[in-house]
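**Student:** Got a structure for you, written out below as structure tokens; questions coming shortly.
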Amino acid sequence: MTEREVLVRSDAGVHARPAMMFVREAMKYPCEVYLIKDNVEANGKSIMSVLGLAITSGSRLIVRARGEDEEGAVARLASLIENDFKN
Amino acid sequence: MQAKKIYVRDLGLADGKIDLQMELVAGKEGLGKEITVGDVNRPGLGLAGFFDFFAYDRIQIFGLGETAFMRRLTAGQKEEVFEKFFSFDVLCCVFTHNEHPDEMFVGFANRYRVPTFVTRHRTTRFISLMTHVVEEFFSPTIVMHGTLVDIYGIGMLLLGKSGVGKSETALELIERGHRLVADDMVEVKKIDESLLMGSGSEIIRHHMEIRGLGIINARDVFGIRSIRNRKRIEMVALLEEWKEDGEYDRLGIDEKRYTILDLEVPFITVPVRPGRNIPVIIETAALNQRLKKMGVFSARELDNRIQNWMRTEGERSND
């Protein structure tokens, strides 16, 4: 299992479009991907699940992956969040 | 497990299930205080001047006795006792029987930011209702990745990997007149150590993501009859890709169990492959579960019938 803590800086938080970008990236990896906020774990490959976390600007998240290429997934997804979803 | 916090303001909301009938009369600024102990305290002794062991961090309930007692105090005595009472970090106060606190109490409560409510309920009734509400908040909770549908009154939790078709199955079940509780993210609560209650996260409630369509709101698309907010989980169905060498249950004589928060629920594994009508299988599983609850166990009954027939075969062949 690999995980990394990230801070959400984008003013609008993670609304529909950023959530979609996150999920789309997560789907590219074979491992299981989770996004955790306040101890609530969301399936990183499900849009509804990610939206359900209601991630606001300033939220601290943990990106966690388990399985094949978990390091790659965490590095890519964490940087996506840190760079305000601007790739 | 989820560490959920409950604040004084949550008492008034309480999931819409139980209405505590509380009206805030003072101390609005203290509504953000966290409730850490689910217990209540009757502050009678405190009002009489005895503050040893004063459980200030609990919800203070002022019943008919407390209000009658306060009415008998002179203004001076009241000021003294309120001064003492509010010098503790009192969590919040509730006056029952629709008895309103007097101006001096309201003044103190506002100054010390102690939320003060008036409820129409009787004291004992209020305490039992409130304990129920608070206990629900404190009960063990877990968020599961699955879809919860009410099928003929059986709460069926569909599990399985992303893309195996949970949402699509739920969609077909809704079309067949069943009700969606939550898609993708199910909050499961253990209540009274005996039952598992499932509900959806509030903000995404009744929304579904269907690949190729995007996000839909089941409530808007299918109407109010197609949804419900919570449902007891009575069965778990795991959808998984059909494996040629997978050993699937062919008899259903032994009941398998799935453990959630230390409670066991009947469990089936449903192999998915093109051409299998999964919603019908899930629907039938729910009906079969209802039958079992009513004491009819098809697989065992067939087995008994066959065994009986074999036992008596010898007699028949003698005829």
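**Student:** Residue under question is residue B:139, and the condition is that it be polar (S, T, N, Q) and under 17 Å from the mean Cα position of the chain (by Cα); does it hold? Can you show your working first?
**Tutor:** Working: polar (S, T, N, Q): yes; under 17 Å from the mean Cα position of the chain (by Cα): yes.
Answer is yes for this residue.
**Student:** Show the residue pairs that are 6+ apart or on different chains and have beta-carbon atoms under 7 Å apart, the first residue being within segment B:221-235 and closer than 15 Å to residue B:156 by Cβ, the second being acidic (Asp, Glu).
**Tutor:** Close Cβ pairs (under 7 Å, with a partner that is acidic (Asp, Glu)) amount to B:228/B:150; B:231/B:150.
**Student:** Is there any pair with a first residue in segment B:77-95 that is part of a helix (DSSP H, G or I) and a second that is open to solvent by 80 Å² or more (accessible area, probe 1.4 Å) whose Cβ atoms are under 8 Å apart and which are 6 or more apart or on different chains, and what are they?
**Tutor:** Once the first residue is part of a helix (DSSP H, G or I) and sits in segment B:77-95, its partners that are open to solvent by 80 Å² or more (accessible area, probe 1.4 Å) give B:86/B:111; B:86/B:112.
**Student:** Answer yes or no as to whether residue B:187 is within 13 Å of another protein chain (Cβ to nearest Cβ), open to solvent by 20 Å² or more (accessible area, probe 1.4 Å) and outside any loop (DSSP other than H, G, I, E, B). Give the steps one after another, and end with the answer.
**Tutor:** On the way: within 13 Å of another protein chain (Cβ to nearest Cβ): yes; open to solvent by 20 Å² or more (accessible area, probe 1.4 Å): yes; outside any loop (DSSP other than H, G, I, E, B): yes.
So residue B:187 fits the description; yes.
Residue-by-condition table, conditions (1) part of a helix (DSSP H, G or I); (2) modelled with pLDDT under 90; (3) among the charged types (D, E, K, R); (4) open to solvent by 70 Å² or more (accessible area, probe 1.4 Å):
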{"position": "B:1", "(1), (2), (3), (4)": "no, yes, no, yes"}
{"position": "B:4", "(1), (2), (3), (4)": "no, yes, yes, yes"}
{"position": "B:18", "(1), (2), (3), (4)": "no, yes, no, no"}
{"position": "B:23", "(1), (2), (3), (4)": "no, yes, yes, yes"}
{"position": "B:45", "(1), (2), (3), (4)": "yes, no, no, yes"}
{"position": "B:51", "(1), (2), (3), (4)": "no, no, no, no"}
{"position": "B:54", "(1), (2), (3), (4)": "no, no, no, no"}
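**Student:** Identify, from the list B:129, B:171, B:180, the residue that is assigned to a helix (DSSP H, G or I) and within 14 Å of chain A (Cβ to nearest Cβ).
**Tutor:** B:171
**Student:** Follow-up. Out of the residues in segment A:19-48 meeting the condition of being among the hydroxyl-bearing types (Ser, Thr, Tyr) and under 11 Å from the mean Cα position of the chain (by Cα), tell me which one is nearest to the other protein chains (Cβ to nearest Cβ). Steps first, answer last, please.
**Tutor:** Initial filter on segment A:19-48 (among the hydroxyl-bearing types (Ser, Thr, Tyr)): A:29, A:34, A:46.
Imposing the further condition that a residue be under 11 Å from the mean Cα position of the chain (by Cα) reduces the set to A:34, A:46.
Working: A:34: 9, A:46: 5 Å.
Taking the candidates together, the pick is A:46.
**Student:** What helices (runs of 4 or more DSSP H), lying completely within segment B:242-319, carry at least 3 residues that are closer than 26 Å to residue B:160 by Cβ and in contact with a Ser or Thr (Cβ under 9 Å, 6 or more places away or on another chain)?
**Tutor:** Numbers: elements: B:278-293, B:298-311, B:313-318.
Counting at least 3 such residues, we get B:278-293.
**Student:** Could we say that residue A:16 is small (Gly, Ala, Ser) and within 14 Å of chain B (Cβ to nearest Cβ) here?
**Tutor:** On the way: small (Gly, Ala, Ser): yes; within 14 Å of chain B (Cβ to nearest Cβ): yes.
Spelling it out, residue A:16 is indeed small (Gly, Ala, Ser) and within 14 Å of chain B (Cβ to nearest Cβ).
**Student:** With the condition kept exactly as written, say whether any residue in segment B:268-278 is in contact (Cβ under 8 Å) with a residue 60 or more places away in the chain and either on the phi < 0 side of the Ramachandran plot or more than 24 Å from the chain's Cα centre (by Cα) (or both).
**Tutor:** Yes, the conditions are met somewhere in segment B:268-278.
**Student:** Hey, residue B:231 hits all of (1) outside any helix (DSSP H, G or I); (2) open to solvent by less than 80 Å² (accessible area, probe 1.4 Å); (3) more than 23 Å from residue B:195 (Cα to Cα) but one; which does it fall short on?
**Tutor:** So the condition that residue B:231 fails would be (3).
**Student:** Can you report the number of residues in segment B:80-104 which are under 17 Å from residue B:51 (Cβ atoms) and surrounded by 14 or more Cβ atoms within 10 Å (Cβ to Cβ)? Walk me through how you get there before you give the answer.
**Tutor:** Here is the first cut: in segment B:80-104, the residues under 17 Å from residue B:51 (Cβ atoms) are B:80-91, B:93.
Right, trim to surrounded by 14 or more Cβ atoms within 10 Å (Cβ to Cβ) and you get B:81-82, B:84-86, B:88, B:90-91, B:93.
Qualifying residue count, segment B:80-104: 9.
**Student:** What pairs can you find where one residue is in segment B:204-216 and at the interface with chain A (Cβ under 7 Å from one of its Cβ atoms), the other is basic (Lys, Arg), and their Cβ atoms are less than 9 Å apart, with a gap of 6+ or different chains?
**Tutor:** As it stands, the answer is B:207/B:219, since those pairs meet every condition given.
**Student:** In segment A:49-67, which residues are out of contact with any strand residue (DSSP E or B) (no Cβ under 9 Å at 6 or more places or on another chain) and more than 14 Å from chain B (Cβ to nearest Cβ)? Steps first, please.
**Tutor:** Taking segment A:49-67 and keeping what is out of contact with any strand residue (DSSP E or B) (no Cβ under 9 Å at 6 or more places or on another chain), we get A:56-57.
Correct list: A:57 only.
To keep it simple, each residue is scored yes or no on (1) hydrophobic (A, V, I, L, M, F, W, C); (2) more than 24 Å from residue B:265 (Cβ to Cβ); (3) touching a residue at least 40 places away in the same chain (Cβ under 8 Å); (4) in contact with a Leu (Cβ under 9 Å, 6 or more places away or on another chain).
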site	(1), (2), (3), (4)
B:280	yes, no, no, no
B:291	yes, no, no, no
B:294	yes, no, no, no
B:299	yes, no, yes, yes
B:303	no, no, yes, yes
B:309	yes, yes, no, no
B:315	no, yes, no, no
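The values are calculated or read from the model by the stated rules, or taken from the named source; none is laboratory data. Only a predicted model underlies this, so the values are computations on that prediction, with no experimental measurement involved. No Cβ is skipped: glycine too gets one built from the backbone with ideal geometry, and neighbour counts run over all protein chains shown. Calculation scope for accessible area: heavy atoms of the full protein, side chains included, ligands and nucleic acids excluded. Shrake-Rupley method; radii C 1.70, N 1.55, O 1.52, S 1.80 Å.
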